[in-house]
Amino acid sequence: MRDVLRANDARFCALAAGFSADEWSQPSLCDGWSNHDVLAHLVVGYGAGAGVVAAEMLRHGGSFDRANAALARSLATSRTPADLLDDFTRLTRRPRGLGRYFPPRLLLGDHITHELDIMFALGREPKLRSLLRPSSRC
């Protein structure tokens, strides 16, 4: 499953590398997040360590969701989409953050969901068929 996750992440990065600055700034389907913020969220998952997340949770009343959103927005503010894609590519090969502890199936679901948040918001057709193997079953 880890190989499927890496292949999906590489496919997404190749696709997302062609997005324009305007497309990155548009709202995603994630309430209150731009497409740029969603990309930053993916990078946070692979890059932010437990200490960083815990400290942010303390600042946000113990809420993981608010801490996660704050970390993603902060990262999106400080890094361009191209920089974040580079970070994401690097971190998919060697995760440093909490994401390295999550099961690959969970991360794959999260990454596909957020890709759809971006693609549908842009009116684009997702290209997830390459992930499905003939032996895969629902």
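Bear in mind that the values in this text are calculations on the coordinates, not laboratory data. Computed from a predicted model, the values in this text were never measured in an experiment.
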**Asked** GNM on the chain, C-alpha springs below 10 Å: top fluctuator among His41, His111, His60?
**Response** His60
**Complete:** In order over the range 90-104: 3J(HN,Hα) from phi, Karplus 6.51/-1.76/1.60, θ = phi - 60°, whole Hz, x for each Gly or Pro, gives 5, 6, 5, 7, 8, x, 10, x, 4, x, 6, 9, 7, x, x
**Message:** Once you keep just the Cα pairs under 8 angstrom separated by 6 or more residues, what percentage relative contact order results for the chain?
**Reply:** 36 percent
**Prompt:** Residue-wise, which Karplus ³J(HN,Hα) couplings in Hz belong to the range 23-37, taking 6.51 cos²θ - 1.76 cosθ + 1.60, θ = phi - 60°, and x for glycine or proline?
**Reply:** 5, 5, 7, 5, x, 8, 7, 7, 3, x, 10, 7, 4, 4, 4
**Fill in**
Any residue on another chain or 5+ positions along whose placed amide H is under 5 Å from the amide H of Ser28 is listed here as Trp33, Ser34, Asn35
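Provide, as a two-decimal number, the C-alpha radius of gyration of the chain over 2.2 N^0.38 Å, N being how many residues it has. Walk me through the numbers before you get to the answer.
On the way: Rg = 14.7 Å, N = 138, 2.2 N^0.38 = 14.3 Å.
That works out to 1.03 for the chain.
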